């Protein structure tokens with residue numbers, strides 16, 4: 001069985017430098033499983049050289065650090 005590659009998030013365009021929307025809910029790869037996460041804010045660590053996003057898992061309310069946009073898949077609507 002081969003793993004099917006999911007397309008990267010359409011919100012990201014490397015040539016234009018667009019980034020995920022803060023407060024938006026996205027499907028993201030968390031511990032090898034696709035989960036819904038809400039992007040909270042941008043985080044610049046290591047003296048501002050590395051950028052990541054702080055997020056929270058919508059289902060478990062646990063903190064998630066999105067270090068690269070390759071973990072994001074698509075923007076989704078939040079279900080209550």
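Before we move on, is residue 29 in contact with a helix residue (DSSP H, G or I) (Cβ under 9 Å, 6 or more places away or on another chain), at pLDDT 90 or above and surrounded by 11 or more Cβ atoms within 10 Å (Cβ to Cβ)? Yes.
Looking at 15, 2, 60, just one residue is modelled with pLDDT of 80 or more and loosely packed, with under 12 Cβ neighbours inside 10 Å, and that residue is 60.
The values are calculated or read from the model by the stated rules, or taken from the named source; none is laboratory data. This one's a predicted model, so the numbers in the text were calculated from it and none came from an experiment. We place every Cβ from the backbone using ideal geometry, glycine too, and count neighbours over all the protein chains shown.
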